[in-house]
Amino acid sequence: MSAEPLLTVDRVSVHFRAGGNLLTGVSLVRAVEGVSFTLQQGETLSIVGESGSGKSTLARAILRLVPVTKGSLHYRGENLVTLSQDQMRPRRRMMQMVFQDPIASLSPRRTVEQIIEEPLRVHFPDLDRAERAQRVAETMDAIGLLPDMRNRYPHEFSGGQAQRIGIARALIVEPELLVADEPVSALDVSIQAQVLNLLAEIKQARSLSLLFISHDLSVVQHVSDNLMVLYLGHVMEVGPAGTIYSRPQNPYTQALLSAVPRMDFSADRPKRTRLTGDLPSPTLEHVGCPFASRCPRAQALCSTDKPVLTPVDGREVACHFPGS
Ligand SMILES: Nc1ncnc2c1ncn2[C@@H]1O[C@H](COP(=O)(O)OP(=O)(O)O)[C@@H](O)[C@H]1O
Ligand SMILES: [Mg+2]
């Protein structure tokens, strides 16, 4: 059927040692717990979950920017976890990242041209000045940045334009995988759609694979092939985006979706399940379901047994009592 996946993430955990004084000792932050998924070439997987659910840590682990505590990451069949940072460097060209806060993530003292060409200097050191300038011009044109912006500085631009600069910088080395971590969360709502459309166009034109991270389900609705819902580092539900949007099975996904504004005033519209209480501490090790403490559907079983991902209605759900 389908070819070998571009990326296979297998039971990846990322733990951090945090805090620690004489009284409390060092605690272990379980940012990502046993996450598995595959990404095919040309596919967009959106990763959603509340702030603190481990989305950025997972993205950074995939790029080997934070150490992977357990599990494996195969990129085109090669296990990245066993590579040294030196061995990782040439592979990094294939995986580029776009960040949340466009202006803060661009160096303020560099011109747009210097910012966009920097990855070329790292990954294509043999290009001369003219060749670099040529590539910068082509990339700016493809992203909708005007040539006369070249010699200006990031702070002179609006958030939307600055994010285009960040996207140009990521694309100039022609990656296969783009990891966009909340790329529109810092932008005005009116600008968000423009940047989302731009990402969708680029993805199509370059058959890029995209990991699209957002805390906001409404943002990813129109850009995702597949959707993965994270809670406290655990995968709660994963599968085709349309299937999950139309009939979410995990109560956590339902709660996230019910926070999305909809123009639906019909009598049989889905009931709102609001999230109450705070996210539990990420230092807890869960024997049961990590969502049990906030789940409207929780039973005794949920605090004693951790649900595993199980196929339900065309997607996989980690819940003892799935249902829409
Ligand atoms: N370097 C780190 N050291 C200790 N804890 C961290 C570190 N990075 C992230 N965390 C913790 O890991 C958890 C997940 O964080 P993060 O991946 O940033 O979540 P998200 O991107 O979904 O908001 C949070 O509890 C966060 O405080
Ligand atoms: Mg984050």
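None of the figures in this text is laboratory data; all of them are computed from the coordinates on show. This one's a predicted model, so the numbers in the text were calculated from it and none came from an experiment. Note that each Cβ is placed from the backbone with ideal geometry, even for glycine, and that neighbours are counted across all protein chains shown.
Brief remarks on what is shown
- Matching helices (runs of 4 or more DSSP H) fully within segment 73-176 where at least 2 residues are among the polar types (S, T, N, Q): 85-92, 129-143, 159-171
- Leu171 vs. criteria within 19 Å of the chain's Cα centre (by Cα), in contact (Cβ under 8 Å) with a residue 24 or more places away in the chain and away from ligand 2 (no atom under 16 Å from the Cβ): yes
- Criterion violated by Val184 - all others in (1) more than 16 Å from ligand 1 (Cβ to nearest atom); (2) part of a loop (DSSP other than H, G, I, E, B) satisfied: (1)
- In segment 25-33 there is at least one residue matching the filter, namely being assigned to a strand (DSSP E or B), acidic (Asp, Glu) and crowded, with 16+ Cβ neighbours inside 10 Å.
- Residue pairs meeting the criteria (Cβ under 7 Å; at least 6 apart or on separate chains; first over 17 Å from Ile244 (Cα atoms) and of a type in the set (Lys, Arg), in segment 41-65; second part of a strand (DSSP E or B) and within 8 Å of ligand 1 (Cβ to nearest atom)): Lys55/Ile213; Lys55/Leu230
- Residue match in segment 206-224 (condition: more than 16 Å from ligand 1 (Cβ to nearest atom) and either acidic (Asp, Glu) or under 18 Å from His320 (Cα atoms) (or both)): no
- Applying the condition of being within 17 Å of Tyr252 (Cβ to Cβ) and more than 9 Å from ligand 2 (Cβ to nearest atom) to segment 50-66 and asking which residue is farthest from the chain's Cα centre (by Cα) yields Glu50.
- Every residue from segment 34-44 that is away from ligand 2 (no atom under 15 Å from the Cβ) and closer than 17 Å to Arg11 by Cβ: Gly34, Ser36, Phe37, Thr38, Leu39
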